[in-house]
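Asker: Okay, here's the structure, questions in a sec.
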């Protein structure tokens with residue numbers, strides 16, 4: 001037994017020496033930028049980590065976290081692994097009552113946070129939502145900033161990870177998150193352009209220096225309407241109609257005049273194909289915010305889908321009062337004017353009409369009268385949105401049938417160039 005114990009002690013001693021040598025080699029390779037060797041050496045040290053003393057265990061975990069963090073820029077999963085390793089290190093050192101590497105680990109987390117925020121920004125610019133779902137999630141873990149939680153939720157939605165999106169959006173809604181932030185801007189005297197400044201003190205210094213003026217504080221737009229609409233959309237995608245209705249009813253009881261919720265409710269019913277409920281919600285939204293061009297337009301569209309064309313036209317016109325450049329409202333009015341066209345065309349294509357010139361001309365004149373009536377609306381729409389292909393396509397047909405050759409050629413050439 002004594003010989004066995006001696007051999008065992010010798011083995012443990014040799015193992016400990018090997019571990020220390022391996023972690024030391026890993027640290028040297030890390031400093032040289034040889035991450036391949038560093039990874040190989042730390043993996044060897046980790047294989048026998050349980051036999052190491054407490055100090056060596058902590059050293060191995062910290063070295064591993066540093067190496068993984070360095071590899072994170074090429075693979076976000078390594079950032080996550082690094083953070084997981086840091087958590088284990090912090091828990092271990094708390095357990096043994098000696099925090100040898102915890103302060104260094106905090107600095108490492110701060111460095112990862114800086115790097116990951118840059119990656120989040122790049123993922124947003126590239127619209128790489130698959131990567132954004134990972135990077136924003138890691139940024140949220142590090143910073144606790146709900147903005148990153150919101151980015152993760154949106155990315156999960158766009159990558160069709162609906163269950164994850166549901167949880168995050170529900171958390172954000174329940175917490176009252178709006179995403180609003182104060183933005184401070186000043187106007188550059190030389191160019192007239194507004195410049196965003198980090199804080200009010202800096203803005204005042206710029207104004208005092210003389211090159212800038214007109215300090216303004218503004219709140220960014222709330223994302224709460226998007227949270228409501230997206231959560232209801234997710235419920236629809238997951239087939240959770242009961243949850244959606246419960247969410248709507250609960251939220252309405254808590255805040256019956258919440259415009260964001262009412263718009264979200266309307267969008268939910270629109271996606272479900274319930275145009276009557278959509279119209280009901282949008283009517284309530286217009287009552288709450290009569291000068292909101294979007295809800296007026298949505299109400300007009302709801303009435304159009306319900307074939308209540310007089311009401312639809314009223315709210316399309318109201319939308320244009322609020323915003324004369326709202327091209328879709330012009331198109332909505334045009335569609336209403338052209339509603340009889342389908343019936344007229346069906347009559348014109350009947351055999352008995354095709355065989356009767358007088359009758360055919362009667363219906364054709366009705367059709368051309370519709371075109372003359374809608375033409376000024378579409379021409380206004382073209383002024384507002386010169387390259388709107390839908391508007392140009394309708395104008396092309398109308399100019400052709402009204403024998404307006406020069407206009408027809410002009411629009412046809414423009415459409416060809418756009419394609």
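The values are calculated or read from the model by the stated rules, or taken from the named source; none is laboratory data. From a predicted model like this one, the values you see are computed outputs, not experimental measurements. Glycine gets a Cβ as well: all are built from the backbone with ideal geometry, and neighbour counts include every protein chain shown.
Asker: Identify, by number, the condition in (1) closer than 28 Å to residue 269 by Cβ; (2) within 31 Å of the chain's Cα centre (by Cα) that residue 337 doesn't meet.
Answerer: Condition not satisfied by residue 337: (2).
Asker: Kindly indicate which of 262, 245 is on the phi < 0 side of the Ramachandran plot, under 25 Å from the mean Cα position of the chain (by Cα) and surrounded by 15 or more Cβ atoms within 10 Å (Cβ to Cβ).
Answerer: 262
Asker: Return the residue satisfying two criteria in turn: it lies in the range 194-221 and is part of a strand (DSSP E or B) and within 26 Å of the chain's Cα centre (by Cα), and of such residues it is nearest to residue 176 (Cα to Cα).
Answerer: Applying the filter and picking the extreme gives 219.
Asker: Next question, about the same structure. Residues in the range 44-63: is at least one under 29 Å from residue 172 (Cβ atoms) and touching a helix residue (DSSP H, G or I) at 6+ places or on another chain (Cβ under 7 Å)? Walk me through it before giving the result.
Answerer: Filtering the range 44-63 down to residues under 29 Å from residue 172 (Cβ atoms) leaves none.
No, the range 44-63 contains no residue that is under 29 Å from residue 172 (Cβ atoms) and touching a helix residue (DSSP H, G or I) at 6+ places or on another chain (Cβ under 7 Å).
Asker: Within the group 178, 191, which residue is in contact (Cβ under 8 Å) with a residue 40 or more places away in the chain and in a loop (DSSP other than H, G, I, E, B)?
Answerer: Just one listed residue meets the conditions, 178.
Asker: Here is a further query. Have a look at 93, 113, 99, 27 and point out the one that is within 25 Å of residue 148 (Cα to Cα) and either surrounded by fewer than 22 Cβ atoms within 10 Å (Cβ to Cβ) or touching a residue at least 60 places away in the same chain (Cβ under 8 Å) (or both).
Answerer: After applying the criteria, what remains is 113.
Asker: Residue 64 passes all but one of (1) modelled with pLDDT of 80 or more; (2) surrounded by fewer than 12 Cβ atoms within 10 Å (Cβ to Cβ); (3) closer than 30 Å to residue 136 by Cβ; which number fails?
Answerer: Result: residue 64 passes all but (2).
Asker: Here are the criteria: (1) loosely packed, with under 13 Cβ neighbours inside 10 Å; (2) over 30 Å from residue 87 (Cβ atoms). Tell me which single one residue 175 does not satisfy.
Answerer: Condition (2) is where residue 175 drops out.
Asker: Can you say whether residue 385 is closer than 21 Å to residue 404 by Cβ, under 48 Å from the mean Cα position of the chain (by Cα) and touching a residue at least 40 places away in the same chain (Cβ under 8 Å), as far as the supplied structure shows?
Answerer: It is true that residue 385 is closer than 21 Å to residue 404 by Cβ, under 48 Å from the mean Cα position of the chain (by Cα) and touching a residue at least 40 places away in the same chain (Cβ under 8 Å).
Asker: Now for a separate question. Would you be able to say whether some residue in the range 76-90 is outside any helix (DSSP H, G or I) and touching a helix residue (DSSP H, G or I) at 6+ places or on another chain (Cβ under 7 Å)?
Answerer: No.
Asker: In the range 144-163, is there at least one residue being part of a helix (DSSP H, G or I), surrounded by fewer than 13 Cβ atoms within 10 Å (Cβ to Cβ), at pLDDT below 95 and outside the structural domain of residue 72 (by TED's automatic domain parsing)?
Answerer: As a first pass, look at the range 144-163 and keep what is part of a helix (DSSP H, G or I): 146-158, 162-163.
With the extra rule that they be surrounded by fewer than 13 Cβ atoms within 10 Å (Cβ to Cβ), the set shrinks to 163.
Checking which are at pLDDT below 95 leaves us with none.
No; the residues of the range 144-163 include none that is part of a helix (DSSP H, G or I), surrounded by fewer than 13 Cβ atoms within 10 Å (Cβ to Cβ), at pLDDT below 95 and outside the structural domain of residue 72 (by TED's automatic domain parsing).
Asker: Related question: Find the helices (runs of 4 or more DSSP H) located wholly in the range 222-323 whose residues include 2 or more that are modelled with pLDDT of 85 or more and either closer than 30 Å to residue 380 by Cβ or touching a strand residue (DSSP E or B) at 6+ places or on another chain (Cβ under 8 Å) (or both), and list them. Before the answer, list the steps.
Answerer: Working: elements: 224-237, 241-254, 259-271, 275-288, 293-305, 309-322.
The qualifying helices (runs of 4 or more DSSP H) are 259-271, 275-288, 293-305, 309-322.
Asker: Taking residue 391 as meeting all but one of (1) free of Cβ contacts under 8 Å to residues at least 60 places away in the same chain; (2) buried (at least 16 other Cβ atoms within 10 Å of the Cβ); (3) within 30 Å of residue 325 (Cα to Cα), write down the number of the exception.
Answerer: So the condition that residue 391 fails would be (1).
Asker: What single numbered condition from (1) surrounded by fewer than 13 Cβ atoms within 10 Å (Cβ to Cβ); (2) under 21 Å from residue 43 (Cα atoms) fails to hold for residue 87?
Answerer: For residue 87, the exception is condition (1).
Asker: Now a separate question. Does any residue of the range 148-163 turn out to be closer than 18 Å to residue 77 by Cα, over 14 Å from the mean Cα position of the chain (by Cα) and free of Cβ contacts under 8 Å to residues at least 60 places away in the same chain?
Answerer: Checked the range 148-163: no residue is closer than 18 Å to residue 77 by Cα, over 14 Å from the mean Cα position of the chain (by Cα) and free of Cβ contacts under 8 Å to residues at least 60 places away in the same chain.
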